[in-house]
Amino acid sequence: MRDLTSDTITEAVISTMRDTKDSRLAEIMESLVRHVHAFVRDVELTEEEWARGVDFLTRTGQMCTPTRQEFILLSDVLGVTMLVDALSNRRPAEATQNSVLGPFFRDDRPQPPDAADISGGLPGTPLFFEGRVVDREGAPVAGAAVDVWHSDAEGHYDVDVPGRVDPAMRALFRTEETGHFSFRSIRPSSYPIPGDGPVGEIMGATGRSLMRPAHVHLLIEAPGFQRVTTMLFPSDDPYLDADPVFGVKDSLVASYDTYAADSGPRRGPTDQPYTVLRHTFVLELLPAG
Ligand SMILES: [Fe+2]
């Protein structure tokens, strides 16, 4: 293994790994080397560009903290996160589809009763969410764990609201015998992904918008069913077709119906216009065995 050339180095590197005991690791490493080498050949990467790439990845790692994961963000904006999800969660079209989990899920969320107000008193258009969880035959799924979380009217999650330490705009509910769950909150807003790090540089250099369409996140789990990690987007959001993390699917675009205070299905509980969001979530059974 000497005098390697650009034609022979790929097979030489792969041959050094032939004693890999884990067959899956062997498969992944061989493919990784082949694809990285092919990429370098394809663009004829220069030494300066190689150094810039190393610097970019170094700074991406240095940007990471317990609350900021720049590598996941990089995966998101390159479409890798949604690609892995698509390969891992193939579901029939009738079942609720997945989207990205995102960085704002917290497991220290409250578990209020059904119909609770989870807004934390933050200002915004009242949102009444009425959800239902069913199986593919339409039968209700009782006792499903439903996590919800979303941003405020300015696009901030509770962890980013200045001075706020208590969880807000997030909760864990359990579906009733009818499969229903509901809550009151405030309507979320579109917001930019973080643009102050290496990922932001790439987004700027490639002319991409940082703005995500508004959404409510949901994570639904029930015994015997595939876990659903998803979100619902308002059908009138201007950023639906430019989501920087590629999370939008037609089936997850929902009608956020807005009514005047003295009209509509929730007449009375608010003295300002309000939004009603209704959605049925369809769970897919886990594979047998
Ligand atoms: Fe989000």
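Got a sec? Which of LEU232, LEU283 is surrounded by 16 or more Cβ atoms within 10 Å (Cβ to Cβ) and within 16 Å of the ligand (Cβ to nearest atom)? Of the residues listed, the single one that is surrounded by 16 or more Cβ atoms within 10 Å (Cβ to Cβ) and within 16 Å of the ligand (Cβ to nearest atom) is LEU232.
Please verify whether region 140-159 includes one or more residues that are at pLDDT below 95 and farther than 28 Å from ARG266 by Cα. Yes: region 140-159 contains one or more residues that are at pLDDT below 95 and farther than 28 Å from ARG266 by Cα.
Residues in region 116-156 that are of a type in the set (Asp, Glu) and either under 21 Å from the mean Cα position of the chain (by Cα) or part of a strand (DSSP E or B) (or both): ASP117, GLU130, ASP135, ASP147, ASP152, GLU154.
Within region 132-166, being more than 16 Å from the ligand (Cβ to nearest atom) and charged (D, E, K, R) holds for ARG132, ASP135, ARG136, GLU137, ARG164, ASP166. Can you confirm whether ASP158 is surrounded by 20 or more Cβ atoms within 10 Å (Cβ to Cβ) and among the charged types (D, E, K, R)? Spelling it out, ASP158 is indeed surrounded by 20 or more Cβ atoms within 10 Å (Cβ to Cβ) and among the charged types (D, E, K, R). Of the set (1) surrounded by 16 or more Cβ atoms within 10 Å (Cβ to Cβ); (2) more than 16 Å from the ligand (Cβ to nearest atom); (3) touching a residue at least 60 places away in the same chain (Cβ under 8 Å); (4) farther than 23 Å from GLY138 by Cα, all apply to ALA171 but (2).
In region 36-54, the residues that are outside the structural domain of PRO198 (by TED's automatic domain parsing) reach residues that are β-branched (Val, Ile, Thr) and surrounded by fewer than 12 Cβ atoms within 10 Å (Cβ to Cβ) with C-beta atoms within less than 9 angstrom, at least six apart or across chains, in these pairs: GLU49/VAL43.
Looking across region 184-200, the residues that are under 21 Å from the mean Cα position of the chain (by Cα) and away from the ligand (no atom under 16 Å from the Cβ) come down to ASP196, GLY197, PRO198, GLY200.
Quick test for you: out of ALA142, ALA116, pick the one residue that is in contact (Cβ under 8 Å) with a residue 24 or more places away in the chain, in contact with a Gly (Cβ under 8 Å, 6 or more places away or on another chain) and assigned by TED's automatic domain parsing to the domain that holds PRO273.
ALA142
The values are calculated or read from the model by the stated rules, or taken from the named source; none is laboratory data. Here the structure is a predicted model, which means the values were calculated and not measured. Neighbour counts are summed over all protein chains in view; Cβ atoms, including those assigned to glycine, are modelled from backbone coordinates with ideal geometry.
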